[in-house]
Amino acid sequence: MRLRSLSLFVFVLLSVSSFAQWVLVPSGSTDRLRYIKPVSASLIWGCGNAGKVYKSTDGGLTWTITVTSATAVNYTVEAFDATTAWVTGTEGGSINVSIWKTTDGGATWVSQYNNPNSFGDAVRFFNANDGVYYGDPDPYPSTNWEILTTSNGGTTWTRVPRANFPGADSANGEYGTATSIEVVGNTVWFTGYSGVAGTPFAVYKSTNKGLNWTRTDVPSVNGTSGSSYIAFENEQRGVLVALNGTTARTTDGGATWTTSSVTGAGFRAVVNLRGTNRYVAVGSAGASWITYDGGVTWTPIEGINTTVLYTVGAFNGIPWAAGNGGEIRKWNGPALPVEFTALSANVTMNKVTINWTTATEKNNRGFEVERKAADGEYITLAFVEGAGTTLEARNYSFSDLDVTAGLYNYRIKQVDYDGRYAYSDEIEVNVTTPEKFELSQNYPNPFNPSTTISYAIKFDGNVTLRVYDFTGNQVAELVNGVQQAGSYTVQFDASGLSSGVYFYTLSAPGFNSTKKLTLIK
């Protein structure tokens with residue numbers, strides 16, 4: 001077994017209450033922040049006006065501020081750790097884009113790309129090497145979005161050919177914004193702004209890291225489209241919100257959208273809360289909203305001032321927001337309905353066992369255990385009942401039996417009594433093909449009345465597993481058929497047999513083995 005990813009995780013399930021959900025976090029600056037990127041509970045990056053880049057390594061208690069260029073307006077920052085980050089912004093003017101990179105935690109910034117004829121919107125990375133950048137139609141206005149990709153961490157950037165990308169509506173004044181882009185897996189979406197009444201929001205999508213694109217139009221509910229912003233729970237379910245109060249949701253990756261609106265809402269950014277059907281949006285006049293049902297309904301969150309918020313990000317379901325005057329906010333919501341402390345997986349023969357522990361639970365109906373094969377879709381294997389509401393630690397386990405060799409991902413879906421749910425991180429396990437035929441000793445032995453027999457098959461072929469008594473008479477046939485190479489377990493129930501010594505024999509092409517077992521009643 002090879003366990004590639006093992007992680008602790010916490011589900012954060014939010015609800016609106018009568019006390020403030022946000023607390024102010026001093027940033028040490030009065031300049032506008034335009035983007036915030038929580039990387040972990042302690043590491044948060046941000047960027048904004050005056051070329052400033054913000055970094056905290058202690059959960060927002062203190063901030064280090066560096067500068068890419070004193071004349072720049074920085075729009076997005078992307079990072080996976082405290083050392084390496086990328087920033088995009090305009091330098092010395094509204095259409096002079098640069099992409100900067102640091103490899104020393106922000107002490108120095110090196111320009112990786114510059115275009116004096118384009119306005120830079122956002123840069124996002126799928127991993128440390130593969131990234132995508134998008135900017136307004138170049139030269140502005142035109143029908144050609146500036147889409148760049150990199151496969152070497154930004155050392156070189158390649159423009160996506162015009163034939164690979166649908167044109168922008170230059171006649172309608174279409175352009176992008178820093179918070180109008182989302183990345184999930186190898187898929188990236190971004191939305192285009194339109195300043196003409198009656199024109200739709202354009203949603204552009206690529207499933208191969210930005211190399212090829214399609215376009216879907218989303219109707220505007222409230223006249224002039226304005227800016228729109230997008231976030232996704234996974235590669236299928238996502239939401240769009242707009243400055244004019246339009247909201248939309250999709251369950252098919254953006255192929256179709258269902259629209260509605262929130263009266264008076266001036267949305268400016270939205271974030272998904274860690275693989276759940278919950279999203280938090282922020283916007284004008286310090287307002288913010290939360291949805292618990294994938295964007296069907298939006299509930300206002302009690303505010304703390306009227307500062308315009310331009311960005312919202314989240315780590316482990318904890319949102320951070322930022323905006324005018326150097327303001328940074330951190331979520332200070334209620335206690336977690338379910339507090340997970342550990343998730344692990346192990347493989348024995350062809351059995352994958354998933355273990356998880358909760359420290360506390362509230363309103364928890366239970367857990368769905370899900371699995372997917374490489375390049376497949378998740379399927380539900382089982383439902384494990386939760387403890388409802390408890391302050392005591394609880395341990396849970398589920399065993400996935402007869403798993404053939406291959407690479408798999410497992411995750412847990414926690415479900416509340418009211419139908420709300422949240423996903424855990426994924427665990428990737430590799431169930432390998434046995435290197436040899438093997439018949440293991442049954443366990444327990446001696447036994448009464450049942451025992452487990454495990455064996456491994458090196459090649460595909462017809463396999464039999466039979467049980468004999470002391471005189472050589474067959475008393476049970478446990479397996480008889482073609483099996484793929486892999487590891488297997490079989491339960492032998494001897495309720496109808498008398499106490500005594502028995503033998504079990506495994507036969508496969510080129511292999512035969514017999515072991516003894518003892519039944520004591």
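Just so you know, all these numbers are worked out from the coordinates, no wet-lab data involved. These numbers come from a predicted model, not from an experiment. Here the Cβ positions follow ideal geometry from the backbone for every residue, glycine too, while neighbour counts run over all protein chains shown.
Ordered by the number of other Cβ atoms lying within 10 Å of each residue's own Cβ, fewest first, 413, 209 fall into the sequence 413, 209.
Put a dot 7 Å past the Cα of residue 62, heading toward its Cβ, do the same for residue 94, and the two dots end up 4.0 nm apart.
Note: relative contact order over the chain, using C-alpha pairs below 8 Å and six or more positions apart, is 12 percent. Using the average count of surrounding beta-carbon atoms within 10 Å as a protection proxy, the listed peptides 149-159, 45-55 rank, highest first, as 45-55, 149-159. Here region 42-96 and region 458-509 have alpha carbon centers that stand 65 Å from each other. Listed peptides 465-475, 237-247 appear in the order 237-247, 465-475 once ranked by packing, highest mean of other Cβ atoms within 10 Å at the front.
Put one equal scatterer on each alpha carbon of region 199-262, apply the Debye formula with no solvent term, and list log10 I(q)/I(0) at q = 0.26 1/Å to two decimals. The calculated log intensity ratios at q = 0.26 Å⁻¹ are -1.13. Shape summary of region 438-519, radius of gyration then Dmax from alpha carbon positions: 12.2, 35 Å. Think of region 23-331 as a dipole: +1 on every Lys or Arg Cβ, -1 on every Asp or Glu Cβ, centred on the Cα centre; then among 39, 245, 188, 39 lies furthest on the positive end.
Ranking of 506, 309 by neighbouring Cβ atoms within 10 Å, starting from the fewest: 506, 309.
Distance between the 7 Å Cα→Cβ label points at residue 40 and residue 477: 5.8 nm. Computed over region 338-431, relative contact order equals 30 percent, with contacts defined as Cα pairs under 8 Å that lie 6+ residues apart. Shape index of region 23-331: Rg/Rh, with Rg the Cα radius of gyration and Rh the Kirkwood radius from the inverse mean 1/r over Cα pairs, equals 0.93. Taking P(r) over Cα pairs in 20 Å bins from 0, in percent as calculated from this structure, the corresponding entry among (1) 20, 51, 25, 4, 0; (2) 20, 45, 22, 11, 1; (3) 23, 56, 19, 1 is (2). Put simply, the C-alpha atoms of region 338-431 give a gyration tensor, and the ellipsoid matching it has half-axes of 24, 14, 10 Å, longest first.
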